[in-house]
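As structure tokens, the structure follows; a few thoughts come after it.
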Amino acid sequence: MLIGVDDTDSPQGMCTTYLGAVLARQLIREHMQVREARLVRLNPNVTFKTRGNAAVMLDVEGDPDRAFTITCALVEELADFSCENTNPGVVVAEKQVDPAFYRQAVTDFCEIDAAVALLDTAGARYKGWKNRRGLIGATAAVASSLPDRTSEILVYREPARFGTPRDVDRTSLFAAEAATFPHTWDTVDVANDVVVCVPHTPDPVLFGIRGESPRWVLAARQMVQSEKPGIEQIWVTNQGTDAHLLDATIRELQDGLSYRVRGTVAESSKTGTGGHVSFTIHDGDHAVWCMAYEPTKNFRQLVRKLVPGDEVIACGSFKKGSINLEKLMIVSLAKDQTTRPPVCTACSKRMTSDGKRKGWKCKKCGARADAPDIEESPRMLEPGWYEVPPTARRHLAKPLCRGLPPY
Ligand code: ATP
């Protein structure tokens, strides 16, 4: 059977993955076999998410009625029902649930009624609490099929320490990254000298290491020194796979969905208040803003070097009229040319414009010229893929160290 759970946490605490890890141990104690523990990230633009829009699925061999009872009891024990936005959902499915629902949940928006209809068709056991929204994530988790998958080991805290400052040795995290990158990623951000894998929220997670396989994340985890940890769980995930990205043209973009979209830079970037950098791309009739927000740090330096005519592929979520960049491919570079009034050959002085399309004239001797001086600046930029740093990376975004996206 597949057991799906979602929406058990609140900004004040808990984490659905922790509940999943505790559940796995309870089921094993009941002599059930847990074949896989899966963590799926869903549409990152869903507004009622607590943090990373995660849902979990356990693939279990055992008695479905007993498993359903245990899972519901654990949700009632651990979920933070006091939070208005916590609306848990539990699903136990013995038959395959249509994977199209998972694909919709990761790339688009879903309705609770659609999840319930699917569960009824599949004859699944399910329970939703309060407004039952968690049934969307729980259904998506059991419906998930992952053509590309990565691993994450989540090390949780001892319950007595929940909400207190975390103690994870910084040096050991940098050493773990150095020893295992690119097979693990986003443990730390070397360029920005920041630890990425230790959360700052009051949830049960001590730290998490992401990587290609259970072996690699375990190898990195074994190098990390910290406070005495509680339970640990290796999850199969869709993180770092770009599962949320759709290919589209600018005209087709819809708010709240995430895309890979091709275009030509229309005008050079502008830096706005707060250090956010923006530029526009077009593909003939349609144009869209692209944003590199301040947290994307050094990625903004790259964006600032783009000039009109550069051909790019922008990857990221389309929100309120702009694409929030996660990655950018520079397909081809235009010439960076500036025009200036020509220099008078007789007087060696710059001429002045004689009016629109009327050429230039030397103020001193009256000589005329039809063409301006064209100055070409060298491009300090290479075609290729560029990405935001680990501190700004979204859970679903595929890091370039995993391979280059299609284009
Ligand atoms: P948790 O650790 O509790 O899972 P979270 O940050 O992952 O925290 P949730 O608290 O689960 O976020 O809130 C997300 C809510 O949005 C859930 O109720 C989930 O069912 C729902 N949801 C997820 N994806 C979609 C989607 N594509 N369309 C509509 N609702 C969605």
For the chain, state the average projected area of the convex hull of the C-alpha atoms over all orientations, rounded to one decimal in nm².
-> 24.2
From phi via Karplus (6.51, -1.76, 1.60), per-residue ³J(HN,Hα) for region 326-331 in Hz, x at Gly/Pro = 10, 8, 8, 9, 8, 7
Cα-based shape type of region 2-143, given that a ≥ b ≥ c are square roots of the gyration tensor eigenvalues and the cut on a/c is 1.5 = oblate
HN-Hα J in Hz across region 139-153 - Karplus 6.51, -1.76, 1.60, θ = phi - 60°, x for Gly and Pro = 5, 4, 5, 6, 8, 5, 10, 10, x, 10, 9, 10, 10, 9, 9
Amide H neighbours of Trp385 under 5 Å, at least 5 residues apart or on other chains, H built in the peptide plane: list them.
-> Ile330
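Summing -39500 (n - 2.57) over the DSSP H runs of n ≥ 4 in the chain and dividing by its residue number, what mean residue ellipticity at 222 nm do you reach, to the nearest 500 deg cm²/dmol? It would help to have the intermediate numbers written out before the result.
Details: 8 runs with 83 residues, N = 407.
Mean residue ellipticity, 222 nm, calculated: -6000 deg cm²/dmol.
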Give the residue from Phe162, Thr184, Leu173 lying farthest towards the positive end of the charge dipole for region 150-237; charges sit on Cβ (+1 for Lys and Arg, -1 for Asp and Glu) and the dipole is referred to the Cα centre.
-> Phe162
Could you work out how far apart the two model spin labels at Cys401 and Lys305 are, taking each label as a point 7 Å from the Cα in the direction of the beta carbon, and quote it in nm?
-> 2.2
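Among DSSP beta bridges lying fully in the chain, give the percent that are antiparallel, nearest 5. Mind dumping the intermediate values first?
Values: 81 of 90 bridges.
Roughly 90 percent of the beta bridges in the chain run antiparallel, per DSSP.
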Once the Cα atoms of helix 64-78 and of the chain are each reduced to a long axis, what angle between those two axes, in degrees from 0 to 90 to the nearest 10, is obtained?
-> 70
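With a Förster radius of 35 Å, plug the Cβ-Cβ distance of Glu267 and Asn85 into 1/(1 + (r/R0)^6) and report the FRET value to the nearest 0.05.
Using R0 = 35 Å, I get an efficiency of 0.30.
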Counting other Cβ atoms within 10 Å, which chymotrypsin sites (Phe, Trp or Tyr not before Pro) in region 146-248 have at most 10 and lie in a DSSP loop?
-> none
On each of the three principal axes the extent of the alpha-carbon atoms of region 336-377, given in whole Å and largest first, is 32, 22, 11
Along the positive direction of the dipole of region 2-143 (beta-carbon charges: Lys, Arg +1; Asp, Glu -1; about the Cα centre), which of Ala138, Pro64, Thr47 reaches farthest?
-> Thr47
Taking Leu400, Leu218 and ranking on accessible area (1.4 Å, protein atoms only), highest first, one gets Leu218, Leu400
Under Karplus coefficients 6.51, -1.76 and 1.60, residue-wise ³J(HN,Hα) of region 41-50 in Hz, glycine/proline x = 9, 10, 2, x, 9, 5, 6, 8, 5, 7
What does the charge dipole of region 150-237 about its Cα centre add up to, to the nearest 20 debye, if the Cβ of each Lys and Arg holds +1 and the Cβ of each Asp and Glu holds -1?
-> 200
What length, rounded to one decimal in nm, is gained on full extension from Thr69 through to Ala179, with 0.36 nm per residue of separation minus their alpha-carbon distance?
-> 35.3 nm
Return one number: the angle in degrees, 0 to 90 and rounded to the nearest 10, between the long axis of the Cα atoms of helix 16-29 and the longest principal axis of the Cα atoms of the chain.
-> 30
Counting sequence-distant residues (5 or more places) and residues on other chains, those with an amide H built under 5 Å from that of Ser226 are Asp169
Amide H to amide H, which residues 5 or more places from Glu36 or on other chains are under 5 Å from it, using H placed in the peptide plane?
-> Asp59
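Nearest 20 debye, what's the magnitude of the dipole of the chain about its Cα centre given +1 on Lys and Arg Cβ and -1 on Asp and Glu Cβ? Mind dumping the intermediate values first?
Numbers: 51 positive and 51 negative charges, 418 e Å.
My answer is approximately 2000 debye.
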Using distinct alpha-carbon pairs, which all enter the 1/r mean, Kirkwood radius of region 135-193 in Å | 14.9
Leaving out same-chain residues fewer than 8 places away, which lysines sit with a Cα under 26 Å from that of Lys320?
-> Lys49, Lys270, Lys297, Lys305, Lys398
Only Cα pairs under 8 Å and at least 6 apart count here; give the relative contact order of the chain as a rounded whole percent.
-> 14
What percent of all Cα-Cα pairs in region 147-228 falls in each 10 Å bin, counting up from 0?
-> 19, 52, 26, 3
Relative to the longest principal axis of the chain, what angle (0 to 90°, nearest 10) does the C-alpha long axis of helix 170-180 take?
-> 80
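The values are calculated or read from the model by the stated rules, or taken from the named source; none is laboratory data. Everything numeric here is computed off the predicted structure, so don't read it as measured data. Cβ: placed from backbone, ideal geometry, glycine included. Neighbour counts: every protein chain shown. Just so you know, the surface numbers come from the protein's heavy atoms only, side chains and all, with ligands and any DNA or RNA stripped out. Shrake-Rupley method; radii C 1.70, N 1.55, O 1.52, S 1.80 Å.
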